[in-house]
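Below is one structure, written out as structure tokens, with a few remarks after it.
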Amino acid sequence: TSLDGLDLCHVVFELKERWTFEIVASECIGYDEHWRSHLRGAHLLAANELDALSDAFGIYTGEQVNAFLAKTGLERPELVCSHGHTVFHEPAKRYTLQIGNGELIARTTDITTVSDFRSLDVQLGGQGAPLVPIGDELLFPEYAACLNLGGFSNISYKEEAERRAFDVCPVNIVLNPLANALGLEYDKGGAVARTGAVNEALLQRLNALAIYEGTKRPSLAREWLETTFMPLVDASSVPIESKLRTLVEHAAMQIARVINQKAPGGKVLATGGGVKNDLLMERMRALSTAEIVIPKEQTVDFKEALIFAFLGVLRMRNRINVLRSVTGAERDSSSGVVHSPS
């Protein structure tokens, strides 16, 4: 959703008393303007055009995997696990679409590929998100909660012996476009937001959104952002710098509120691009009672890629990789479509 690029992560998993992992190499392939514009406008395409884009993106993904392996000199892995790019996500209509044809990834790389991790859960009545919590449960069990600050922020935690998780609020998906309007790729460290002032009227409108009050939160997606959230931001006449500052404050308040409810005084693992926004982290820590831990940079940047690799490993073993306690589906599932290169 943030359109920052294609994350590639070469990881080795081992299962003894518990699952462990080692990230051997990683890279983010930044999208050029061709891919950024095509992916940004994908939801406006006709069905045949969208199919063609999915095929092209699958081939592109496979080519980037091949180039990554050639550059790093690593052995070809047993498995490629691809999330793809989300175009539509409307679980209430039992529909979600991530493009990047998995069969073409398998053919391009000559490696067995697992893709389409969300559809089965949505068909089972779930939100199809978040999917990362199974990785939080099995790879990071020492934390009271795991927080991801990506396009949207989401949190997972243990409650009544079950893993729970939900999307919290928008982060980079709203901050980055405002920075783009100022000619910046993103607001590095929150430096531009620091020059603005919190607009209390806008902050109150955002905090009052109904989605933050329900006990059962739906998955957040672009559709909700465009119809509900961004109209409030766009209607405000304050300078962009102050919009950035207000959105940072809004995110910090919503995230800290959830942390204080679900992991009060505990250790919270924070990853995702948003942890590099120093202002956001300062405000979250000021408002939260938890110890917010930022791991080494490679885990910060590639935790989602790492866990989607793990989802693929679990799928190949026919183990549960999507939790009904998190998504609200009828049952747990082993999700993902397996594509053989032959």
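Could you list which residues have their amide H under 5 Å from that of Phe117, counting only those 5 or more apart in sequence or on another chain, with H placed in the peptide plane?
none
Choose one of Ala263, Pro295, Phe117: the residue whose Cα lies farthest towards the positive end of the charge dipole of the chain (beta-carbon charges +1 Lys, Arg; -1 Asp, Glu; about the Cα centre).
Result: Ala263, furthest along the dipole toward the positive end.
Share of the stretch 225-342's accessible area from carbon and sulfur, percent, 1.4 Å?
47
Roughly speaking, what % of Cα-Cα pairs in the stretch 195-342 are separated by over 24 Å, rounded to a whole number?
Distances greater than 24 Å cover 50 percent of the Cα pairs.
How many angstrom separate the Cα center of the stretch 110-140 from the Cα center of the stretch 37-52?
Centre-to-centre (Cα) distance: 24 Å.
Compute the normalised compactness of the stretch 108-211: alpha-carbon radius of gyration over 2.2 N^0.38 Å, N being the residue count.
Here the answer is 1.41, to two decimals.
So, counting K/R as plus one and D/E as minus one, what does the shell of residues with Cβ under 11 Å around Thr271 add up to?
Net charge around Thr271: -1.
Search the structure for amide H atoms under 5 Å from the amide H of Ser219, placed 1.01 Å from N in the peptide plane, and list their residues when 5 or more places away or on another chain.
When sequence neighbours closer than 5 places are left aside, there are no close amide H contacts.
Just the number please: accessible area per residue for the stretch 104-194, 1.4 Å probe, all protein chains included, in Å².
On a per-residue basis, the stretch 104-194 sits at 34 Å².
Taking only protein heavy atoms into account and a 1.4 Å probe, give the accessible area per residue of the stretch 18-102 in Å².
On a per-residue basis, 53 Å².
Return one number: the angle in degrees, 0 to 90 and rounded to the nearest 10, between the long axis of the Cα atoms of helix 240-262 and the longest principal axis of the Cα atoms of the chain.
The helix 240-262 is inclined about 70 degrees to the chain.
Provide the per-residue ³J(HN,Hα) series for the stretch 94-100, in order, calculated from phi with Karplus coefficients 6.51, -1.76, 1.60 and θ = phi - 60°, each as a whole number of Hz, with x at glycine and proline positions.
Working through the residues one at a time gives 6, 9, 8, 9, 10, 8, x Hz.
Return the lysines within reach of Lys158: Cα separation strictly under 25 angstrom, same-chain partners fewer than 8 residues apart disregarded; answer none if there are no such residues.
Within the straight-line cut-off, Lys158 pairs with Lys16, Lys216, Lys262, Lys267, Lys296, Lys303.
Of [x] 22.5; [y] 20.6; [z] 21.5, which one was derived for Kirkwood radius over Cα pairs in Å from the structure shown?
Computed from these coordinates, Kirkwood radius over Cα pairs in Å corresponds to label [y].
Along Cα→Cβ, 7 Å out, is where each label goes; now give me the distance between the ones at Glu200 and Ala67 in nm to one decimal.
Simple spin-label model gives 5.2 nm for this pair.
Binning at 5 angstrom from zero up to the longest distance, how are the C-alpha pair distances of the stretch 86-134 distributed in percent?
P(r) for the stretch 86-134, in whole percents per bin: 5, 21, 24, 19, 15, 11, 3, 0.
Report the Rg/Rh value for the stretch 1-158, based on alpha-carbon coordinates and the Kirkwood definition of Rh.
Result for the stretch 1-158 is an Rg/Rh of 0.97.
Please get the size of the charge dipole for the stretch 170-287, origin at its Cα centre, with Cβ charges of +1 on Lys and Arg and -1 on Asp and Glu, quoted in debye to the nearest 20.
So the magnitude is around 480 debye.
Mind checking which of Gln98, Gly41, Ser82 is farthest towards the positive end of the stretch 34-138's charge dipole, using Cβ charges of +1 (Lys, Arg) and -1 (Asp, Glu) about the Cα centre?
Selected residue: Gly41.
Just from its helices, what would the mean residue ellipticity at 222 nm be for the chain, if runs of 4 or more DSSP H residues each count -39500 (n - 2.57) and the sum is divided by every residue, rounded to the nearest 500 deg cm²/dmol?
-12000 deg cm²/dmol
The values are calculated or read from the model by the stated rules, or taken from the named source; none is laboratory data. Given the structure is predicted, the values throughout are model-derived calculations rather than measurements. All Cβ positions, even for glycine, are placed from backbone atoms using ideal geometry, and neighbour counts span all protein chains on display. Calculation scope for accessible area: heavy atoms of the full protein, side chains included, ligands and nucleic acids excluded. Shrake-Rupley method; radii C 1.70, N 1.55, O 1.52, S 1.80 Å.
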